[in-house]
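S.K.: Just dropping this structure here.
The values are calculated or read from the model by the stated rules, or taken from the named source; none is laboratory data. Values in this document were obtained by computation on a predicted structure and should not be read as measured data. Don't worry about glycine lacking a Cβ; one is built from the backbone with ideal geometry, like all the others, and counts go over all protein chains shown. Quick note on the areas: whole protein, heavy atoms, side chains included, nothing else; ligands and nucleic acids left out. Shrake-Rupley method; radii C 1.70, N 1.55, O 1.52, S 1.80 Å.
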Amino acid sequence: MTVLDRGWIRTAMARTRAFLSAPFFIVLLGANGSSIKAEDMLTAQSVSPPAGSVRLMRDEWGLAHIYANTERDGYFGLGYALGEDRLTQVLLTYVIVQGRSAEVFGRSPSSTDESDLSDELQAGLQDPVASDLRMMQGRYLEDARNNLPKLSGAYRTNVEAFTAGIWQYMKDNPETVPAWAPKLEAAMPLAVYAALTSGDPAAACSAKLSVDDKTTLAMTAEENADMASNAWAVSPERSATGDVIFSSDSHGGIMANGPMFYTWRMKAGDLDVLAHDFTGAISMVLGHSDSFGWGWTEGPRHTGDCYAVKTESDNPATYRFDGENNEIISTPYTINVKDDEPVTGAFEYTGHNGVRSLVVKRDGTEAYVASSAYSGRAGFADQQYYQMAKARTGDEFMDALAAREIYPANMLAGGRDGTILYIRPGRVPIRKDDAFVHQLLDGNSSATAWAGIHPVEDLVRLRNPAPGYIANTNVSPDMMYPAPLLHARDFPEYFAFREGQINGRQQRLIELLDQDRKLTFNDAIDIALDTKIIGTDLWGATLTNALHMYMPEFRHQSPAHGQFVAALGNFNGRFDTNSQGALYHVYFREALIETAPDQVDEIVLTVEGGEKLTPERSLAVANAIDSAYHALITDFGTTDLVFGDAHRVIRGNHSEKSGGAVIAVGKDLINHRPLVLNGHTVSVRAALHANIYQRPEGSTKRVLNAGARVPFVVGFSEPVKSYGLLAFGHSNDPTSTHYADQLQLFTNTRMKSNRFDFSDLKGHIKEMKVLQTLP
C-alpha cells in the first residue's frame, strides 16, 4: 500500500529543499483580465518545462492545461489543479470510498456543523451509514490497494504523483484543508472509478429474488440502469475536411457529491489527452487524445450471475460444490458513527467463478450469492483507459480494449487514422447455457459456473461500417441504422440485445447522419446540441383544428389566447431557450396526460402516425389546450414567456435560461423510459440535448438537475479541434469566476473551445504557474 501521509511528504521535501529554490514560480494575469505577457515567450516546443517541474495554465473558462516533459510531472500538476478547483469535494469523495463518512459526518451531515460541507456537497450524502456499508461491502479501496502493485511501473508512478500533487496543494494552502481531511493514498482515485462503475451486483441479485418464479426472471436492476447518453462518429468520407469527427454526451444526474465530472487537459511526455473524469478519479472515462476519442451510452449487460447455495444443515458456514466442502468466509465490519453507537455486522463471501462473490441473503439453509466479473478488479480499468489514450492506430486501440477491464455498456470511438468503432468492451462471462442469465442458478455445481471471460473478438462490435457513421443513444445494436448491421441471432442471448428497441434520439441521429452530405465541424456541434424532439413538430394542424372545431370561443377571448394557439400551431419541435412554442407544448403535453390519461397513448400514436383523430379525441385535445393555457396563467400570471423563462439552469446565486428537454408524451408507450409526473407513470421522449428539469417545492419554475453533463465534439484535423462544455463550471468556490460561468453555454446552446492545440491556447492563457515536483 502506498500511503502519502504528511510525515512522508515533509521528509521528502526536507531532503530536496536544497534543490528547490521555491515551492513554485507563479506568473498571474494582470488586473485588466488580459492574457498574461509571459505567454509571448512560449512556443509549442518550449511550453513544457524541464523535468522535475510542470506548467499549469488556465484558459478563460478556468480549464486546467497541464504541460510537462514527463507523465509523472504532468500527473503531479493534475493533482495540484484538482486541489485548486475542488479540494473539499475530492477529500469528501475519498472519505466516502474509505467507508468512513458516518465516522466523520454522523448519520446526517449538516452544513452548519464543523464538517463545513456546502449544501451542494452534503446533498449527495443523505445516508452516510448506508454509503459506508456499500463501500465496505464492495471493498473497492482494499482492492485498489491490492492491485496497485500489479499495475505497470509507469502508470503506478503517475497515480502516486497525482496524489502527491493534491497533498502539495494542501501543504501550500493549509487554510483550505478541512479538519476531517483523510490521509491520502494512491489507491484512492482508483477506488473512486471502481465504486462508480462496478454496478451493484447485490441489488441485481436481490431483484431476481423478488420475483415469484425464480426460473424465469425479469431484467435485473443492473440491466435497467436509469441513465442515458448519446455518442456518434462519422468517417473521413462523411466529413467536409476528410477527418473523423467524434462526439459524446453523457446524460444523467449532474451533481453527486458535488459536480459529477471534472475536465482536464494534459500534454506530458507522449500522453496528449483531454479527459472528462469523475471528480477525484484519473480514469479518463470520457475524452480524447490527439489520436482517438471515446465515449459511452448506457445499455443492458450481463456481467454477473445470482446463485442459490444450499449450506450444510449442521454448519451454515459450509456448502458442497461438486461434492466437495467449501467455506463461506465471514468478514466482520464496524461502521463508526459520529455521536452515535457504531454499526456492526459481517459480510459473507464465497469463491464462485474464482471471484469474491457476496452473500446477499440467507433463507434457512439457503444462501443467495451475487457473483460479478468485476469483483476485485479496482485499478485495472484506469490503466486500460491510459493505454487507450496512448494508442495511435485502430489496431493499437483494439489491443488496449483486449484487456476488457472497462465499463461494459456501449462504447463508441473514432480516431485520426480513420477508424470509427462501436463495441461493448466489458467483462462478459462465458456461460454454458444461454438461459443462465435469466435464472437463479444452482450454486452447488460447476455445471452453472463460468467457462471464462469472452475475448474481445467475441464481443458485439462494428468497425468502420459501410454507412460511414456510427451512433448509439441507448438503443439495441440492431437499431443503430435504418437496416440492421448487427443481429441478435449472431450472438449468445446473454449479450443482451433488445431487438427492435429504439428511441427518438436515435431516430433523430439517423435523420441527421444518414444523409448524402459531408459534415463540417460546426454541423457536428449543432447535432450534438440539437434540441428537436422527434414527433413534436407534427402536432400543429391537429391542435389548431381541434380548437376551431370544439372550442371556437377560445381563440376570441383575448389576444393572449390567440398568441397561445398560434405558437402551438406553428411549433417546429425545437426546444430552444427563446422558443415560445416549446414552453406551450410542454404545458400542453402535461395537460393531455392529466386530462385524458386513458386516451393519451392512442392520441399520440395517431397524430405522430399521420392519421386523423376521432371527434372524441379531438375534443380531448381541445380540452388539454384550454387546461394548458390556464395552467400557464396560474403559474406565471401571463403567457408572454419563452421556454427559458420557465426552465432554468442554476448554481448558487447564478441563474440562466436553459434549452434542450425531455418531455412527457404518454403513459405506457413502448421503448421510452418511464417518468413519474404528478402521480402518473408516463413515457418520455428527449432531444439529443436532453435536459431534465424538476420543479422545486413552492416554485413555478423548473430547474435543470440532470441531462447533458459533459457534451463534447472532437475533429481529428490538423490541428485537432476540440469543443465542449462542463456543467456548470470547473471550480467549486462560489466566489470564483469559474463556479457557474458555463451556465451561459446552456442558455446559448453552444460549446466553447477546449483549446487542445497550443496554438489555440496561447492567446487565451489567463493564469500560469510553474510547479516544482518531487524528485
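S.K.: Which pairs do you get when a residue that is more than 16 Å from GLN384 (Cβ to Cβ) and in contact (Cβ under 8 Å) with a residue 24 or more places away in the chain, found in region 136-153, comes within reach of a residue that is of a type in the set (D, E, K, R) and open to solvent by less than 50 Å² (accessible area, probe 1.4 Å), reach meaning Cβ atoms under 7 angstrom, with the pair 6+ apart or on two chains?
M.R.: Close Cβ pairs (under 7 Å, with a partner that is of a type in the set (D, E, K, R) and open to solvent by less than 50 Å² (accessible area, probe 1.4 Å)) do not exist here.
S.K.: Taking the stated definitions as given, is ALA624 of a type outside the set (S, T, N, Q), in contact (Cβ under 8 Å) with a residue 24 or more places away in the chain and surrounded by fewer than 21 Cβ atoms within 10 Å (Cβ to Cβ)?
M.R.: For ALA624, the condition - of a type outside the set (S, T, N, Q), in contact (Cβ under 8 Å) with a residue 24 or more places away in the chain and surrounded by fewer than 21 Cβ atoms within 10 Å (Cβ to Cβ) - is not met.
Yes/no matrix, rows are residues, columns are (1) among the aromatic types (Phe, Trp, Tyr); (2) surrounded by fewer than 22 Cβ atoms within 10 Å (Cβ to Cβ); (3) modelled with pLDDT of 85 or more; (4) in a helix (DSSP H, G or I):
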| residue | (1), (2), (3), (4) |
| --- | --- |
| VAL27 | no, yes, no, no |
| VAL47 | no, yes, yes, no |
| GLY74 | no, no, yes, yes |
| ALA81 | no, no, yes, yes |
| ARG86 | no, no, yes, yes |
| TYR94 | yes, no, yes, yes |
| VAL104 | no, no, yes, yes |
| THR112 | no, yes, no, no |
| GLN126 | no, yes, yes, no |
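S.K.: Would you be able to tell me the number of residues in region 229-262 that are in contact with a Leu (Cβ under 7 Å, 6 or more places away or on another chain) and either within 29 Å of TYR481 (Cα to Cα) or buried (at least 24 other Cβ atoms within 10 Å of the Cβ) (or both)?
M.R.: 12
S.K.: Sticking with this structure for a sec: Out of all the residues in region 602-613, which are outside any helix (DSSP H, G or I) and under 13 Å from LEU543 (Cα atoms)?
M.R.: Correct list: LYS612, LEU613.
S.K.: Any chance region 578-589 includes a residue that's hydrophobic (A, V, I, L, M, F, W, C) and not in a helix (DSSP H, G or I)?
M.R.: Checked against the condition, which is being hydrophobic (A, V, I, L, M, F, W, C) and not in a helix (DSSP H, G or I), region 578-589 yields no hits at all.
S.K.: I'm told THR735 meets every condition in (1) over 27 Å from GLN501 (Cβ atoms); (2) open to solvent by less than 50 Å² (accessible area, probe 1.4 Å); (3) modelled with pLDDT of 95 or more except one. Can you identify the failing condition by its number?
M.R.: THR735 satisfies all of (1) over 27 Å from GLN501 (Cβ atoms); (2) open to solvent by less than 50 Å² (accessible area, probe 1.4 Å); (3) modelled with pLDDT of 95 or more except (2).
S.K.: Ok, one more. Any residue in region 232-244 that's touching a residue at least 40 places away in the same chain (Cβ under 8 Å): show its pairings with residues that are assigned to a loop (DSSP other than H, G, I, E, B) and β-branched (Val, Ile, Thr) at Cβ separation under 8 Å, as long as the two are six or more apart or on different chains.
M.R.: Close Cβ pairs satisfying both conditions: ALA233/VAL244; VAL234/VAL244; SER235/VAL244; PRO236/VAL244; SER239/THR520; ALA240/THR520; THR241/THR520; VAL244/THR419.
S.K.: So, of the residues in region 337-353 that are under 18 Å from TRP450 (Cα atoms) and hydroxyl-bearing (Ser, Thr, Tyr), which turns out to be surrounded by the most Cβ atoms within 10 Å (Cβ to Cβ)?
M.R.: THR350
S.K.: Among the listed residues ALA204, ALA186, ALA218, ALA191, identify the single one that is at pLDDT below 80 and either open to solvent by 50 Å² or more (accessible area, probe 1.4 Å) or closer than 19 Å to ASN146 by Cα (or both).
M.R.: Step by step, each of ALA204, ALA186, ALA218, ALA191 is checked, and only ALA218 is at pLDDT below 80 and either open to solvent by 50 Å² or more (accessible area, probe 1.4 Å) or closer than 19 Å to ASN146 by Cα (or both).
S.K.: Step by step: first the residues of region 432-471, then only those that are part of a loop (DSSP other than H, G, I, E, B), modelled with pLDDT under 95 and not polar (S, T, N, Q), then the one that is farthest from ALA488 (Cα to Cα). Which residue is that?
M.R.: For region 432-471, the residue satisfying everything is LEU440.
S.K.: Restricting attention to region 629-642, does a residue exist that is touching a Lys or Arg at 6+ places or on another chain (Cβ under 8 Å) and buried (at least 19 other Cβ atoms within 10 Å of the Cβ)?
M.R.: Yes, region 629-642 contains at least one residue that is touching a Lys or Arg at 6+ places or on another chain (Cβ under 8 Å) and buried (at least 19 other Cβ atoms within 10 Å of the Cβ).
S.K.: Within region 411-430, how many residues turn out to be of a type in the set (Lys, Arg) and open to solvent by 20 Å² or more (accessible area, probe 1.4 Å)?
M.R.: Of the residues in that region, 2 qualify.
S.K.: Between a residue in region 303-322 that is without any contact (Cβ under 8 Å) to a residue 24 or more places away in the chain and open to solvent by 30 Å² or more (accessible area, probe 1.4 Å) and any residue that is outside any strand (DSSP E or B) and of a type in the set (A, V, I, L, M), which pairs come within a Cβ distance under 6 Å, given they are 6 or more apart or on different chains?
M.R.: Listed pairs, sorted by first residue: ALA317/ILE328.
S.K.: Could I ask something else about it? Can you confirm whether ASN326 is under 30 Å from LYS432 (Cβ atoms), in a strand (DSSP E or B) and in contact (Cβ under 8 Å) with a residue 24 or more places away in the chain?
M.R.: yes
S.K.: Is there a residue in region 491-512 that is open to solvent by 60 Å² or more (accessible area, probe 1.4 Å) and part of a loop (DSSP other than H, G, I, E, B)?
M.R.: Yes; the residues of region 491-512 include at least one that is open to solvent by 60 Å² or more (accessible area, probe 1.4 Å) and part of a loop (DSSP other than H, G, I, E, B).
S.K.: Would you confirm whether or not region 747-759 contains a residue that is under 24 Å from HIS585 (Cβ atoms) and of a type outside the set (Val, Ile, Thr)?
M.R.: Yes, that holds for at least one residue.
S.K.: Taking the options ARG404, ARG377, ARG356, name whichever one is open to solvent by 20 Å² or more (accessible area, probe 1.4 Å), in contact (Cβ under 8 Å) with a residue 24 or more places away in the chain and touching a Phe, Trp or Tyr at 6+ places or on another chain (Cβ under 8 Å).
M.R.: Only one candidate qualifies: ARG356.
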